[in-house]
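Undergrad: The structure under discussion is supplied below as structure tokens; questions concerning it will follow.
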Amino acid sequence: MAAEVELQSDPILQRLARLRANIEKVFLGKSAAVTQVLVGLISRGHILIEDVPGVGKTVLARALARSLDLSFSRIQLTPDLMPSDILGVSIYDSKTGTFEFKRGPIFANIVLADEINRTTPRTQSALLEAMNEAQVSVDGRTMKLEQPFLVIATQNPFEFEGTYFLPENQLDRFALRIRIGYPSREVESRIIRERPNAVALEQIEPVMQANDLIEIQNRVTEVRIHDALVNYALDLVEVTRDHEHLEVGVSPRGTLAFIRAAQAAALLMGRDYVVPDDLKSLFVPACAHRVVSKSYLHGGQAASAEQVLSEIVRNVSVPE
């Protein structure tokens, strides 16, 4: 008990609590979604928010960005967007007789890629190297991106006209795919009366600096996970690779992201060790977008992958 009290007084956890409270000033009633976004942030993972329009995807991303004293850019992805619109372009300066590189919006700590499935695969792939390597290649040069670096992408899963499905290799770069869902009646009543995102979003003050966030990200790797829980995570993953309803299972990169997310969730809860519930709660958001269900390949709904993984969680024994 004394150890947990000491951990709860940790300055890192106090900063995380302030960050959560800041976001929830304007993003009401969806604590689970806030938790998952914070898990992605401190585990150094990118986040895909997939849901219908109007449930607060952009508000959540902007509230996170404004709560951190970091550079932020928003890219509205459209079918006519080119890779250079994201990465940047070299412009000839007639006065100096040289080309000057004008950085694109990817050169920010937090990048909101709105409606990522509305742009072409060529432009989608321009994000791939940045998300995977934290660097971009332009005009034969490789340029590192500033740290910390986080991409929050949004998409509407039910709109198909004029959209392009994300390829599996790009989906695998997202640590988590989360859904927000509709608010409860009580929360929606508060939203109508208070309209928290109308003005308050612009008034949010930063509560965390870049060095603070990097320190927290480093702390995540120190969170302990017992060998029995590592084996439990491997049991869950192995079932996906041999499941009758799945064509493609979770990759080793997905397993690593799953474990790291569980460590981040434990830290958010004020623990320096992982418990089974950390793994159970994150298996679907960390892994469902990394598998391909057989029904999906034949025109079924992508959500069936989530149903399969939820069933796996129910059926795989939890270590005591």
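Undergrad: Please specify each residue of the stretch 47-89 satisfying the condition of being in a loop (DSSP other than H, G, I, E, B), of a type outside the set (S, T, Y) and more than 23 Å from D212 (Cβ to Cβ).
TA: Let us first name the residues in the stretch 47-89 that are in a loop (DSSP other than H, G, I, E, B), namely 51-56, 69-71, 77-82.
Subset that is of a type outside the set (S, T, Y): 51-56, 69-70, 77, 79-82.
Matches in the stretch 47-89: D51, V52, P53, G54, V55, G56, L77, P79, D80, L81, M82.
Undergrad: Among the residues of the stretch 224-275, what is the count of those that are more than 21 Å from L13 (Cα to Cα) and either in a helix (DSSP H, G or I) or of a type in the set (D, E, K, R) (or both)? Walk me through it before giving the result.
TA: Going residue by residue through the stretch 224-275, those that are more than 21 Å from L13 (Cα to Cα) are 226-258.
From the residues that got through so far, the ones that are either in a helix (DSSP H, G or I) or of a type in the set (D, E, K, R) (or both) too are 227-242, 244, 247, 252-258.
Final tally of qualifying residues: 25.
Undergrad: Taking the stretch 273-290 on its own, how many of its residues are basic (K, R) and either outside the structural domain of A305 (by TED's automatic domain parsing) or farther than 15 Å from T35 by Cβ (or both)? Let's see the steps before the verdict.
TA: Of all residues in the stretch 273-290, those basic (K, R) come to 280, 290.
From the residues that got through so far, the ones that are either outside the structural domain of A305 (by TED's automatic domain parsing) or farther than 15 Å from T35 by Cβ (or both) too are 290.
Residues in the stretch 273-290 being basic (K, R) and either outside the structural domain of A305 (by TED's automatic domain parsing) or farther than 15 Å from T35 by Cβ (or both): 1 in total.
Undergrad: When you go through S94, S67 one by one, which is the residue that is out of contact with any Leu (no Cβ under 7 Å at 6 or more places or on another chain) and among the small types (G, A, S)? Give the derivation first.
TA: Details: S67 fails: out of contact with any Leu (no Cβ under 7 Å at 6 or more places or on another chain).
Just a single option satisfies the conditions, and that option is S94.
Undergrad: In this structure, does N117 turn out to be modelled with pLDDT of 85 or more, surrounded by 13 or more Cβ atoms within 10 Å (Cβ to Cβ) and farther than 22 Å from L70 by Cα?
TA: Taking the combined requirement at face value, the residue satisfies it.
Undergrad: Being within 21 Å of V26 (Cα to Cα) and touching a Gly at 6+ places or on another chain (Cβ under 8 Å) is true for just one of R185, R179, R195, R190. Which residue is that?
TA: R190
Undergrad: Here's another thing I want to ask about it. Looking at the structure I just gave you, is A153 part of a helix (DSSP H, G or I) and modelled with pLDDT of 85 or more?
TA: Judged against the criteria, A153 is not a match.
Undergrad: I've got another one for you. Pick out the one residue from V223, V230, V250, V207 that is without any contact (Cβ under 8 Å) to a residue 60 or more places away in the chain and closer than 30 Å to N22 by Cα.
TA: V223 is the lone residue from the list that is without any contact (Cβ under 8 Å) to a residue 60 or more places away in the chain and closer than 30 Å to N22 by Cα.
Undergrad: Can T142 be described as buried (at least 19 other Cβ atoms within 10 Å of the Cβ) and either more than 30 Å from S31 (Cα to Cα) or in contact (Cβ under 8 Å) with a residue 40 or more places away in the chain (or both)?
TA: Answer is no for this residue.
Undergrad: Continuing with the same structure: For the structure I just gave you, tell me whether I180 is among the aliphatic types (A, V, I, L, M), within 30 Å of S71 (Cα to Cα) and out of contact with any helix residue (DSSP H, G or I) (no Cβ under 9 Å at 6 or more places or on another chain).
TA: Judged against the criteria, I180 is not a match.
Undergrad: So, one more: Report yes if P79 is in the same structural domain as E205 (by TED's automatic domain parsing) and either among the hydroxyl-bearing types (S, T, Y) or at pLDDT 85 or above (or both), otherwise no.
TA: The answer is yes for P79.
Undergrad: State whether the residues of the stretch 120-138 include one that is crowded, with 20+ Cβ neighbours inside 10 Å, over 15 Å from the mean Cα position of the chain (by Cα) and hydroxyl-bearing (S, T, Y). Let's see the steps before the verdict.
TA: First pass over the stretch 120-138, keeping only residues crowded, with 20+ Cβ neighbours inside 10 Å: 123-124, 126-127, 130-131, 136.
If we keep only those that are over 15 Å from the mean Cα position of the chain (by Cα) too, we end up with 123-124, 126, 136.
Imposing the further condition that a residue be hydroxyl-bearing (S, T, Y) reduces the set to 123.
Checked against the condition, which is being crowded, with 20+ Cβ neighbours inside 10 Å, over 15 Å from the mean Cα position of the chain (by Cα) and hydroxyl-bearing (S, T, Y), the stretch 120-138 yields at least one hit.
To keep it simple, each residue is scored yes or no on (1) buried (at least 18 other Cβ atoms within 10 Å of the Cβ); (2) farther than 24 Å from D172 by Cβ; (3) in the same structural domain as G40 (by TED's automatic domain parsing).
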{"site": "E205", "(1), (2), (3)": "no, yes, yes"}
{"site": "A210", "(1), (2), (3)": "no, yes, yes"}
{"site": "I216", "(1), (2), (3)": "yes, yes, yes"}
{"site": "V230", "(1), (2), (3)": "no, no, no"}
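Undergrad: Could you please find all residues in the stretch 35-64 being buried (at least 22 other Cβ atoms within 10 Å of the Cβ) and among the aliphatic types (A, V, I, L, M)?
TA: Within the stretch 35-64, V37, V39, L41, I42, I47, L48, I49, L60, A61, A63, L64 qualify.
Undergrad: Next question, about the same structure. From the list R253, R271, pick out the single residue that is over 10 Å from S43 (Cβ atoms), under 16 Å from the mean Cα position of the chain (by Cα) and at pLDDT below 95.
TA: None of the other options fit; the residue is R253.
Undergrad: Pick from I225, I180: which is within 16 Å of the chain's Cα centre (by Cα), under 30 Å from E311 (Cα atoms) and crowded, with 16+ Cβ neighbours inside 10 Å?
TA: I180
Undergrad: Can you tell me which residue within the stretch 202-223, out of those that are assigned to a helix (DSSP H, G or I) and among the charged types (D, E, K, R), is farthest from S43 (Cα to Cα)?
TA: E202
Undergrad: If you don't mind, there's one more thing I want to ask. So is D93 farther than 16 Å from Q155 by Cβ and at pLDDT below 90 or not? Break it down into steps so the answer makes sense when it comes.
TA: Details: farther than 16 Å from Q155 by Cβ: yes; at pLDDT below 90: yes.
Judged against the criteria, D93 is a match.
The values are calculated or read from the model by the stated rules, or taken from the named source; none is laboratory data. Owing to the predicted nature of the structure, the values given are computational and were not obtained by experimental measurement. As a convention, Cβ positions derive from the backbone with ideal geometry for all residues, glycine included, and neighbour counts pool all protein chains shown.
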